[in-house]
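The values are calculated or read from the model by the stated rules, or taken from the named source; none is laboratory data. Given the structure is predicted, the values throughout are model-derived calculations rather than measurements. Methodologically, a virtual Cβ is constructed for each residue, glycine included, from the backbone with ideal geometry; neighbour enumeration extends over all protein chains shown.
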Amino acid sequence: MSFPESLHAAYDVIVIGAGPAGLAAAATTAEAGLRTLLVDENSAPGGQIYRAITTSPLKNSSILGKDYEAGNDLVHTFEKSGADRLAGCTVWSLDRERVVGLSCGGEARLIKAERVIIATGAMERPFPIPGWTLPGVMTIGAGQTLLKSSGLIPSGRLALAGQGPLLWLYAAQILRAGGHIAAIFDTTPLANYISAAPHLPGFVFSPYWIKGLGLIREVKRVVKIVTGVTRLEAQGKNKLQTLVWEAGSRTGSIDLDVLMLHQGVVPHVNLAMAAGIKHEWDDIQLCFRPVLDESGNSSIKGIMIAGDGAGIGGAESAAERGRLAAIDTVANLRPDALAQIPSRDNVRNRLAQTMRGRAFLDHLYRPSKVFRIPQDASTIVCRCEEITAGEIRASIAIGATGPNQLKAYRRTGMGPCQGRLCGLTVTELMADERGKSPEEIGYYRLRSPVKPISLAELASIPQDETAIKAVVRG
Amino acid sequence: MQTADVIIVGGGIHGCSTALHLALRGLKPILIEKDYAGRHASGVNAGGVRQLMRHIAEIPLSIRSMDIWEKIQDLVEDDCGFDSHGQVLVAEDESELAPMRDRVAELNLRGFNHEELIDAKELRRLVPAVAESCPGGVVSRRDGAANPAQTTTAFRRMAERRGARIIEGVRVDTVKRDGGHWYVTAGSEVYSAPVLVNAAGAWGGKLAAMLGEPVPLEVVAPMLMITSRVPTFIKPVVILRGRKLSFKQFENGTVMIGGGYLGRAYPDTNETDLDWTQLKNNARTVWDLFPIMREATIVRAWAGIEAKMPDDIPVLGPSRKHDGLFHQFGFSLHGFQLGPGTGDTMAELIATGKTNISLEAFRPDRFETADIGDKHEH
């Protein structure tokens, strides 16, 4: 795939990410007549939650569940909206002038928009246990990607460890697809049941209540569950062989071929941070999230964030937040078209409904400190540079005060993953070690390119705007 | 109130080096840094340790610095990541080689022998991957590169161990002179000393203006890029002058690409924006010159906030306005290598009242005939 000839040199709106928030936002601005471009690095729309919704080989919809099918409506509405879509296209840069750096099929372009809506969603929280870098240990998110796009379930002896709605959903999907799970190690801290209890009423009236309990029951009928897990260690010579676990005073070990880890998702902040958008620490969700107004406007004029990238809210709320951002965009760029799209009040009400029960989930699945901040000195934190928790603590002892200075000492966060796999761990570890809050310690200063771009692609950027037009319009 | 012998404003390589050398001479300096040592240009520059192609006036400082670089471990108990594989200026064609020939001849006449003219054969031996069409260049064999953040941090740490006080995260609010003493208010504290050093880098112009000695300093944001690992193919740092490029491969195989292309600087908020329309030109030059790099990937890019003077040499030495005030800023994108020797020279000047190194070319009042402020518009 390369840039199509129909691509314009500038757009009213560029939406980044084709998950529920991006699909809903782009469809809404395009319906209002704004020249809209939706960019996504996958070849098919859907994002993570509706990954491969149009292409999945799993024809039996009962495996992935009814919620997954909801993605079809979003895709159909988007396809009728008249928005342009660039699939298989990487966004590697965004600046405060709203110039978006794109690469596609070995070429790169810089395209400007009046509004940019970032809908890059969530990523899995790092889960740095001893041995988490061994082959055979992977994340549940990666496992689910394989399931949705290729219909693959892990072969060999499998265990899941961690906590959160995705763990139970994936476990149920594996079982429905005919897979077998040797055991699930539930790391939900027992104290969380108490701190979450006050939020239970809201949850009982949410759709998650029935669905969630049903999933857990479905899994528990056939899989051995160890609850209250307080320590996990993956062992093996060149690949995973054994998982050693502790749950309070109980201990045990299990031989495994595959261990899948998951302890919730956090906003994917790399592009927003690289653009210079202000973020703050969320002490309930334990992550950085952008500072936004009710519509999703960030600290940079003309750049908005919608969906889980704005703070974790789930797929249904992501679509509503995408619409809310789009409505604000239309109100600013083409107010006379507001009548053609859903009203702000309706969307706001639906958003409130979808957010019911969220506080309960946030408190219940707030991961334990022992699984966020590695206690063993030998546990690897930065996978790219193979830096351990002990090495980071040693650097703090000789003067590294925050993640950005740590780069100079240990090169943490400077590898190809750009800190995605270690950023939160480094911030929380340094905060803990120095007796400061994560807000005070801060995060890596991120920069474009947020995704690698080849020298050839960079050199291929047309000379100036007129050249861009000349090339694009042939 | 806290008293000291010298107050240094700015915790870059220059401020930290001056603090260390003052402490080594038995003086008590206090260094005040608004962020943390090495936060800006000193920590994020290309790390070039270069005598090659320096302004004539800077050469004595550069040589004094080189002598320190070669024994850097002894001074700061850290190797600073310094390696010495030389720096090579490549001529892309004969028209670029001619002025290089003249320059080396002029340096030789003045008694400087660190730059050597090389022919195509020696160029190919030093830099085998360079395009066949390049007819020669200039090499400075003792030059090399170091890790800038590691170096600045090492100077900071050793200055503190030798008795300097380093105060980070505190911005200087006001500076007053009274009865032969400077009174510097920073945060909730007042610091006092008979001597003040302005080593505030990109913010040095603001401080100089506050002290009634304005200079036409431009705040700029030079950009750098790092590639993914490629097979080792080049040892020296390579620079071009016609088209802007500096090029350095690290031991881990990654390659740093720079050359002084400028992004946008926001010194009030410590932010910078990259300008990819400029970095594209940088990439294009590498594409042309080093075919081996064509498959490489850019994995990181960044910019630092730096001071640039109209004549591209620093403001350095005693103030012409106040006793007990010294300037050490405006190094115009090439101050890193000068840090060690300039700190030594400044400490000598402050402690003994004199130095053998001529600082005449760096006088703060050299711009007075020019229309100051003009440059700020660019």
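Things worth noting here:
- Residue that is surrounded by the most Cβ atoms within 10 Å (Cβ to Cβ) [pool: residues in segment B:26-56 that are under 15 Å from the mean Cα position of the chain (by Cα) and part of a helix (DSSP H, G or I)]: B:42
- The listed residue being assigned to a loop (DSSP other than H, G, I, E, B) and free of Cβ contacts under 8 Å to residues at least 12 places away in the same chain, out of A:152, A:146, A:134: A:152
- Whichever residue in segment A:447-457 is closer than 20 Å to residue B:291 by Cβ and in contact with a Gly (Cβ under 9 Å, 6 or more places away or on another chain) and, among such residues, is farthest from the other protein chains (Cβ to nearest Cβ): A:457
- Residue within segment B:219-227 that is assigned to a loop (DSSP other than H, G, I, E, B) and within 14 Å of chain A (Cβ to nearest Cβ) present: yes
- Filter result for residue A:359 (touching a residue at least 24 places away in the same chain (Cβ under 8 Å), small (Gly, Ala, Ser) and surrounded by fewer than 21 Cβ atoms within 10 Å (Cβ to Cβ)): yes
- In segment B:1-53, the residues that are among the charged types (D, E, K, R) and either within 14 Å of another protein chain (Cβ to nearest Cβ) or farther than 19 Å from residue B:305 by Cβ (or both): B:5, B:25, B:28, B:33, B:35, B:39, B:50
- The sole residue among B:273, B:312, B:268 that is among the acidic types (Asp, Glu) and either touching a Leu at 6+ places or on another chain (Cβ under 7 Å) or within 17 Å of residue B:365 (Cα to Cα) (or both) is B:312.
- Unique match (being touching a strand residue (DSSP E or B) at 6+ places or on another chain (Cβ under 7 Å) and either free of Cβ contacts under 8 Å to residues at least 60 places away in the same chain or not in a helix (DSSP H, G or I) (or both)) among A:197, A:113, A:191: A:113
- Only one of the numbered conditions (1) surrounded by 21 or more Cβ atoms within 10 Å (Cβ to Cβ); (2) in contact with a helix residue (DSSP H, G or I) (Cβ under 8 Å, 6 or more places away or on another chain); (3) under 24 Å from residue A:285 (Cα atoms) is not met by residue A:422, and that is (2).
- Residue match in segment B:312-322 (condition: crowded, with 24+ Cβ neighbours inside 10 Å, touching a strand residue (DSSP E or B) at 6+ places or on another chain (Cβ under 9 Å) and more than 22 Å from residue B:59 (Cα to Cα)): no
- Leading residue by the ranking (farthest from the other protein chains (Cβ to nearest Cβ)) among those in segment B:126-140 that are surrounded by 21 or more Cβ atoms within 10 Å (Cβ to Cβ) and free of Cβ contacts under 8 Å to residues at least 60 places away in the same chain: B:136
For every residue, the table says whether it meets (1) in contact with a Phe, Trp or Tyr (Cβ under 6 Å, 6 or more places away or on another chain); (2) over 20 Å from residue A:416 (Cβ atoms); (3) surrounded by fewer than 24 Cβ atoms within 10 Å (Cβ to Cβ); (4) within 14 Å of chain B (Cβ to nearest Cβ).
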residue	(1), (2), (3), (4)
A:114	no, yes, yes, no
A:118	no, yes, no, no
A:128	no, no, no, no
A:136	no, yes, yes, no
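- With respect to the conditions (1) under 29 Å from residue B:47 (Cα atoms); (2) assigned to a helix (DSSP H, G or I); (3) modelled with pLDDT of 90 or more, residue A:439 lacks only one, and its number is (1).
- Listing of helices (runs of 4 or more DSSP H) fully contained in segment A:367-428 that carry 3 or more residues being within 14 Å of chain B (Cβ to nearest Cβ): A:389-397, A:403-410
- Residue B:63 at pLDDT 95 or above and either in a helix (DSSP H, G or I) or outside the structural domain of residue B:194 (by TED's automatic domain parsing) (or both): yes
- Of the strands (runs of 3 or more DSSP E) that lie entirely inside segment A:228-316, those containing 1 or more residues that are of a type outside the set (D, E, K, R), more than 30 Å from residue B:303 (Cα to Cα) and more than 19 Å from the chain's Cα centre (by Cα) span A:231-235, A:242-247, A:250-255, A:258-263.
- Of the strands (runs of 3 or more DSSP E) lying entirely inside segment B:229-285, those containing at least 3 residues that are more than 13 Å from chain A (Cβ to nearest Cβ) are B:237-240, B:245-249.
- Test: residue in segment B:141-158 that is under 28 Å from residue B:239 (Cβ atoms), part of a strand (DSSP E or B) and away from every other protein chain (no Cβ under 14 Å): yes
- Filter pass, residue B:104 being away from chain A (no Cβ under 14 Å), touching a residue at least 60 places away in the same chain (Cβ under 8 Å) and either among the β-branched types (Val, Ile, Thr) or out of contact with any Ser or Thr (no Cβ under 7 Å at 6 or more places or on another chain) (or both): no
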